[in-house]
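Below is one structure, written out as structure tokens, with a few remarks after it.
Computed from the coordinates by the stated procedures, all read-outs in this text should not be read as laboratory data. Computed from a prediction, not measured in an experiment: that's the story for all the values here. All Cβ positions, even for glycine, are placed from backbone atoms using ideal geometry, and neighbour counts span all protein chains on display.
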Amino acid sequence: MTARVRMYSTGVCGYCMRAEALLKARGVEGIEKLRVDLDPALLAEMVESTGRRTVPQIFIGDRHVGGYEDLAAIDREGGLQALLAG
């Protein structure tokens, strides 16, 4: 079973697309995308929970992993599969 993956994003975001491609390459079938450009309440929620205003902001399970570069670093270090396994 794969852990729940949530990603705060916008409609046009290169880093969001790269994060999604990396997650799919690691076997994630479904990503809950939360579009902060369409819903100001989601933007406020993202800033409150992460302290950041940039997208993507990615959560795996209950853990905030950060943005694309953070996700890629975890993957390079070999920790992404374990996180995804839950």
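If we scan region 73-81, do we find a residue that is free of Cβ contacts under 8 Å to residues at least 24 places away in the same chain and either hydrophobic (A, V, I, L, M, F, W, C) or touching a Pro at 6+ places or on another chain (Cβ under 6 Å) (or both)? Among the residues of region 73-81, at least one is free of Cβ contacts under 8 Å to residues at least 24 places away in the same chain and either hydrophobic (A, V, I, L, M, F, W, C) or touching a Pro at 6+ places or on another chain (Cβ under 6 Å) (or both), which makes the answer yes. Residues in region 23-46 that are surrounded by fewer than 17 Cβ atoms within 10 Å (Cβ to Cβ) and not charged (D, E, K, R) were compared, and the one that is nearest to Arg6 (Cα to Cα) is Gly30. Annotation note: Cβ proximity below 9 Å between a residue of region 21-47 that is touching a residue at least 12 places away in the same chain (Cβ under 8 Å) and over 16 Å from Ala72 (Cβ atoms) and a residue that is among the small types (Gly, Ala, Ser) and part of a helix (DSSP H, G or I) (sequence gap 6+ or interchain) occurs for Val36/Ala44.
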